[in-house]
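Q: Below is the structure I would like to discuss, written out as structure tokens.
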Amino acid sequence: MAKAMSGAMTGARMVVQALKDQGVDVVFGYPGGAVLPIYDEIFLQNDIRHILVRHEQGAIHMAEGYARSTGKVGVALVTSGPGATNAVTGLTDALLDSIPIVVLSGQVPTFMIGTDGFQEADTVGITRPCTKMNWLVKDTAKLADTIHQAFHVAKSGRPGPVLVDIPKDVQFATAEYTPVQRARTSHYQPRLKGDIDAITAMVEMLETAERPVFYTGGGVINSGSGASQLLREFVEATGFPITSTLMGLGAYPASGKNWLGMLGMHGLYEANLAMHGCDLMINVGARFDDRITGRIKDFSPHSRKVHIDIDASSINKVIRVDVPILGDVGHVLEDALRIWKARGRKVNKEGLAKWWKQIAEWRAVNCLDYKGSTKVIKPQYALQRLEALTKGMDRYITTEVGQHQMWAAQFLGFEAPNRWMTSGGLGTMGYGLPASIGVQIAHPEALVINVAGEASWLMNMQEMGTAMQFRAPVKQFILNNERLGMVRQWQELLHGERYSQSWSESLPDFVKLAEAFGCKGIKVSDPADLDDAILEMIRYDGPVIFDCLVEKHENCFPMIPSGKPHNEMLLGEADTQGVIKAAGAVLV
Amino acid sequence: MSALNIKRGSTSHSAYDLRDPNAEVIESHTLAILVENEPGVLARVIGLFSGRGYNIESLTVAETDHARHLSRITIVTSGTPQVIDQIEAQLRRMVPVHDVHDLTAEGPSVQRELALFKVAGKGEARIEALRLAEIFRAHVVDSTLESFVFEMTGTPEKIDSFADLMRPLGLKEIARTGVAALSRGV
Ligand SMILES: Cc1ncc(C[n+]2csc(CCOP(=O)(O)OP(=O)(O)O)c2C)c(N)n1
Ligand SMILES: [Mg+2]
């Protein structure tokens, strides 16, 4: 008995031990009464670094940034009640974008659950719809095993957020620790290999297709760098054009010759028209989101569709496909390439040549063109300069949500996966600043830039304190239009130019704000000063708040209004008169 | 063709025939869901239905495998074929769900529900209620001079029709268990 109990320890120590055994090196968190025993254990060790955030939402987005930029699981620790409820937005964000994170929350002691105790909230109840899985651990003996399960679930199959709720008495009590090797094997083992018949059917289709297109998404990134590598090989070898969703940018390099640019509501003309006009669509790890499809009825009407996805519920959810392939993107691409090569690397050369000619005509439209200015900084210009001056650097980009986010996706080029962190599915304003800190903590030497709108940025600006404390030299590149720009754009196009509540009034002086936090503030409003200002930002060894005053009424084009098909895209101001009908106005 | 058993689309215009809710028939399906018998699992399954706007016509749940700690949830739901497929896929990807069977799609199945009926009445009506109960093979499990409680097991349709017959004869209350179902054969 004495021997068997050699691994006995308190629940609090188990938490730290389990994190170490899972290879965790950093935890983003905020203490409170219900997690004090765990904080004690954190105090007593040096292997795991704790990043003290300023708001629990910040902790979750940091864990997301960390996870997305490393391919590892991000970890956050919050207290009961308000600590846990503050985590809800971040959990939902991670669920919609399939980001693997483990959140540990404190809970009132088991004997007080249900009594409306101080800082009691039904955390597993509240977070059930916004986690992939969650657990309330009532027995210390099961705690370590549950944490191991949590990591397994977070990263297996379609990744996502999980939460483990740990009552305070469970943290104090003592039990035998369960090492990883002895954790229960989970029945949850999503299948990775795709059905060979289905893969062969896809290969047959791509051998003859006249107008094929690869439509790729965040699933390629989640599948790991090997998947991106295979995708590149496949694209180069077949010579097919490729487009990607917002979430998939970087899987195929922006400088690659087959790259059409991002597709979707603010995607490129050539990308959307290729989707509309193709005869074979190969969806690799994307999910036919409504930002992508536009009007369902008219979505890519002449194509046969293949869909590779690890999540069966994504297949045939929105768009019915001809060949569903359930499996991990990397595994499926590997098999597909092998089969395609074995069958003689056939493609329809003649058809492809015509298709590329057509695409060249669409490209010639030059859909990202905008009217330049020497008096005021155009947001597109600011991003072009940022791109030019940071190209080739070890660079990571995060964004907030709004027009600036779409312009960043359009004007910045991503050459590798895991370099682009943005809130796609939930569209969470306030994501970018904490995410940039999470990225920087994981990559201390890299250049990490948050492309922000002034309104979004204010939503979690308290995290500048975190950046200062932990010497995370994140660059906050704020495209300040003094507007809730994206809202303003919709009001202009859909609501008769009634600009209800879409001004950013009473903005802080961002330079003074930077000084108040103890970091550097830079303000620029003249296009002639922009380059020097950007260089100053890059060279500064520490966090920077960069207040870039830009044109206030610029609209983001191209735009496919909600409820419109891909081929009814607005390319510029001239196209916008009265285009969106009431039916489209009810959509978001 | 694939593990999903999703038939390959027969036309090259696959996106045309989608989600026209008026054009597609609503079908009723019985799903058997094997889940871990843990707190919160039922809430997760039900939350899926409410959160995504699916119907629940009936639901039963109980532990069926004590050793493996598994419960069986039987849900009768309705929707277009595409929605039914989607429900099954959504259930399948839930972590505590071990297995899902669409008993309606997989072949013939046996469906049974247990119901209790309280019928109050005197004279002719009371005699008629008893006579009908015999025809329906309902048992009397409680009786007073003015009332019976009948117990009946059968398909939901049979229970519905018995209830219809009892209504004019003094039906006061019904309690139903919801459907339990198994596929026929092995
Ligand atoms: C938390 C949250 N609240 C509201 C919205 C709706 N919304 C989308 S974009 C936007 C305006 C963003 O303004 P800003 O950050 O300045 O970016 P801009 O569009 O001006 O570039 C708003 C309010 C949202 N996405 N997230
Ligand atoms: Mg703005």
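The values are calculated or read from the model by the stated rules, or taken from the named source; none is laboratory data. Not measured: the values here are computed from a predicted model. Using ideal geometry, Cβ is built from the backbone for each residue, glycine included, and neighbour counts are taken over all protein chains shown. Side chains included, ligands, DNA and RNA excluded: accessible areas come from the protein's heavy atoms. Shrake-Rupley method; radii C 1.70, N 1.55, O 1.52, S 1.80 Å.
Q: Where the Cα atoms of region A:388-523 are projected onto their three principal axes, how long is each span, largest first, in whole Å?
A: 48, 36, 27
Q: From Cα coordinates alone, what are the radius of gyration and Dmax values for region B:145-186 in angstrom?
A: When restricted to the Cα atoms of region B:145-186, Rg and Dmax are 13.3, 47 Å.
Q: Also, quick follow-up: Output the pairs from A:LYS317/A:LYS349; A:LYS20/A:LYS132; A:LYS346/A:LYS391; A:LYS72/A:LYS512 with a Cα-Cα distance over 27 Å in this structure; if there are none, say none.
A: Numbers: A:LYS317/A:LYS349 33 Å; A:LYS20/A:LYS132 23 Å; A:LYS346/A:LYS391 36 Å; A:LYS72/A:LYS512 37 Å.
Going by Cα-Cα distance, A:LYS317/A:LYS349; A:LYS346/A:LYS391; A:LYS72/A:LYS512 fall outside the 27 Å limit.
Q: A further question on this structure: Can you give the accessible area per residue of region A:27-169, in Å², using a 1.4 Å probe?
A: 32 Å²
Q: Whose amide H sits under 5 Å from the amide H of A:GLY563, counting only residues 5 or more places off or on another chain, with H placed in the peptide plane?
A: The list, which skips near neighbours in sequence, is A:ARG295.
Q: What number, in percent, do you get for the relative contact order of region A:366-442 if the mean sequence gap of Cα pairs under 8 Å and at least 6 apart is divided by its residue count?
A: On the way: 65 pairs, mean separation 24.3, N = 77.
Normalised by residue count, the contact order of region A:366-442 is 32 percent.
Q: What lysines does B:LYS158 reach when the alpha-carbon gap must be under 20 Å and sequence neighbours fewer than 8 apart in one chain are set aside?
A: B:LYS118, B:LYS172
Q: Give the carbon-plus-sulfur fraction of the accessible surface of chain A in %, rounded to a whole number; probe 1.4 Å, heavy atoms of protein chains only. Let's see the in-between values first.
A: On the way: 11420 of 21670 Å².
Roughly 53 percent of what the probe reaches on chain A is carbon or sulfur.
Q: Heavy-atom accessible area of A:TYR39 with all protein chains present, probe 1.4 Å, nearest 10 Å²?
A: Only protein atoms counted, so the area is about 30 Å².
Q: I've got another one for you. A:ASP25 to A:ASN567: extension gain in nm, 0.36 nm per residue of separation minus the Cα-Cα distance?
A: Numbers: separation 542, 0.36 × 542 = 195.12 nm, distance 4.83 nm.
Result for the pair: 190.3 nm of gain on full extension.
Q: Considering the zone a paramagnetic label at B:SER28 would reach in this model (a point 7 Å from Cα along the Cα-to-Cβ line), which residues of region B:71-92 have amide N under 17 Å from it?
A: B:74-81, B:84
Q: Do any residues of region B:33-47 lose at least 40 Å² of accessible area when the full set of protein chains is present rather than just their chain alone, and if so which, with a 1.4 Å probe?
A: B:ARG44
Q: Evaluate 2.2 N^0.38 Å with N set to the residue count of region B:71-186, then give the Cα radius of gyration divided by it.
A: Values: Rg = 18.4 Å, N = 116, 2.2 N^0.38 = 13.4 Å.
That works out to 1.37 for region B:71-186.
Q: If I stretch the segment between B:SER50 and B:SER147 completely, what's the gain in nm (0.36 nm per residue apart, minus their alpha carbon distance), one decimal?
A: Details: separation 97, 0.36 × 97 = 34.92 nm, distance 3.84 nm.
So the extension gain works out to 31.1 nm.
Q: Quick check: residue separation of A:GLU387 and A:LEU587 times 0.36 nm, minus the Cα distance between them. What number comes out in nm? Don't skip to the end; give the middle numbers.
A: On the way: separation 200, 0.36 × 200 = 72.00 nm, distance 3.33 nm.
Once the chain is fully extended between A:GLU387 and A:LEU587, it gains 68.7 nm.
Q: Quick check: from the Cα gyration tensor, does region A:504-547 come out rounded (a/c under 1.5), prolate or oblate? Intermediate values should be presented prior to the final figure.
A: Details: a/c = 3.23, a/b = 1.16, b/c = 2.78.
Oblate.
Q: So with the 1.4 Å probe, I'd like the accessible area per residue for region B:29-136, rounded to whole Å².
A: Ligands and nucleic acids excluded, the result is 46 Å² per residue.
Q: For n ≥ 4 DSSP H runs only, could you compute -39500 (n - 2.57) per run for the protein assembly as shown, divide by its residues and tell me the 222 nm figure to the nearest 500?
A: Values: 28 runs with 267 residues, N = 774.
That comes out to -10000 deg cm²/dmol.
Q: Another question, if that's okay. Springs between alpha-carbon pairs under 10 angstrom, Gaussian network model over chain B: which of B:LEU34, B:LEU169, B:LEU91 fluctuates most?
A: Among B:LEU34, B:LEU169, B:LEU91, the largest mean-square fluctuation in the Gaussian network model of chain B belongs to B:LEU169.
Q: Starting from the Cα of A:LYS552, step 7 Å along the direction of its Cβ; do the same at A:ASP298; then give the gap between the two resulting points in nm.
A: Result for the modelled spin labels: 3.5 nm.
Q: Still on this structure: Using the beta-carbon distance between A:GLU515 and A:THR174 and R0 = 51 Å, what value does 1/(1 + (r/R0)^6) give for FRET efficiency, to the nearest 0.05? Walk me through the numbers before you get to the answer.
A: Details: r = 50 Å, r/R0 = 0.98.
Rounded to the nearest 0.05, the efficiency is 0.55.
Q: Residues in region B:141-163 near a label at B:LEU114, defined as backbone nitrogen under 12 Å from the 7 Å Cα→Cβ point?
A: B:151-154
Q: For the residue pair B:GLU124 and A:LYS371, what label-to-label distance in nm results when each label sits 7 Å from Cα along the Cα-to-beta-carbon direction?
A: About 8.9 nm, to one decimal.
Q: Mind listing the phi-derived Karplus ³J(HN,Hα) values for region A:260-271, rounded to whole Hz, using 6.51, -1.76 and 1.60 with θ = phi - 60°, and x for any glycine or proline?
A: Rounded to whole hertz, the list is 9, x, 5, 10, x, 3, 10, x, 6, 3, 5, 5.
Q: Using only C-alpha positions, report the orientation-averaged shadow area of the convex hull of region A:437-588, nm², one decimal.
A: Details: hull surface 43.7 nm².
Over all viewing directions, region A:437-588 projects a mean Cα-hull area of 10.9 nm².
Q: Using a 1.4 angstrom probe and counting only protein chains, how large is the accessible area of A:CYS548 in Å², to 10?
A: Result for A:CYS548: roughly 0 Å² accessible.
Q: For region A:142-182 and region A:209-252, what is the centre-to-centre distance using only Cα atoms, to the nearest Å?
A: 35 Å
Q: Turning to a different aspect of this structure: Am I reading the B/A interface right? What is its buried accessible area, both sides, 1.4 Å probe, to the nearest 100 Å²?
A: Buried area (both sides, nearest 100 Å²): 2900 Å².
Q: Determine the relative contact order of region A:463-588: mean sequence separation of Cα pairs under 8 Å and six or more apart, normalised by residue count, in whole percent.
A: Values: 169 pairs, mean separation 37.7, N = 126.
Relative contact order here is 30 percent.
Q: Can I ask one more? Taking the Cα atoms of region A:385-439, what is the range of coordinates along each of the three principal axes, in descending order and whole Å?
A: Result for region A:385-439: principal-axis Cα extents of 30, 23, 17 Å.
Q: Nearest 0.05, what FRET efficiency do B:THR155 and A:GLU210 give at R0 = 45 Å with Cβ-Cβ as r?
A: On the way: r = 54 Å, r/R0 = 1.19.
According to the calculation, E is roughly 0.25.
Q: Run through region A:422-495 and list the GluC sites (Glu not before Pro) located in a DSSP loop whose Cβ has at most 12 other Cβ atoms within 10 Å. Please list the in-between numbers first.
A: On the way: sites: A:GLU445, A:GLU454, A:GLU463, A:GLU482, A:GLU492; in loops: A:GLU445, A:GLU482.
In loop regions of region A:422-495 (DSSP not H, G, I, E or B), the sparsely surrounded GluC sites (Glu not before Pro) are A:GLU445.
Q: Starting at the first residue of region A:97-103, write each ³J(HN,Hα) from the Karplus equation 6.51 cos²θ - 1.76 cosθ + 1.60 with θ = phi - 60°, in whole Hz, x for Gly and Pro.
A: Rounded to whole hertz, the list is 9, 6, 9, x, 9, 10, 10.
Q: Going by the alpha-carbon gyration tensor, a ≥ b ≥ c the square roots of its eigenvalues, is region A:208-275 rounded (a/c under 1.5) or, if a/c is not under 1.5, prolate (a/b greater than b/c) versus oblate?
A: Values: a/c = 1.81, a/b = 1.13, b/c = 1.61.
Oblate, since a/c reaches 1.5 and b/c is not below a/b.
Q: Next question, about the same structure. For A:GLU236 and B:LEU70, FRET efficiency with R0 = 41 Å and r from the beta-carbon atoms, rounded to 0.05? Display every interim value, and only then the final one.
A: On the way: r = 48 Å, r/R0 = 1.18.
Given R0 = 41 Å and the Cβ-Cβ separation, E is 0.25.
Q: Once ligands and nucleic acids are excluded and a 1.4 Å probe is used, how much of B:VAL41 is accessible, expressed in Å² to the nearest 10?
A: About 10 Å², ignoring ligands and nucleic acids.
Q: Tell me, what is the percent relative contact order of chain B, built from C-alpha pairs under 8 Å that lie six or more residues apart? Present the calculation step by step, with values, prior to reporting the outcome.
A: Values: 304 pairs, mean separation 43.8, N = 186.
This gives 24 percent for chain B.
Q: Apply the Debye scattering formula to chain A, with a single equal point scatterer on each alpha-carbon and no solvent, then give log10 I(q)/I(0) at q = 0.07, 0.10 Å⁻¹.
A: With one equal scatterer per Cα and no solvent, log10 I(q)/I(0) is -0.44, -0.88.
Q: Quick one: which bits of region A:123-143 get at least 20 Å² less accessible when the partner protein chains are in, versus the chain alone, with a 1.4 Å probe?
A: Residues losing area: A:ARG128, A:LYS132, A:MET133.
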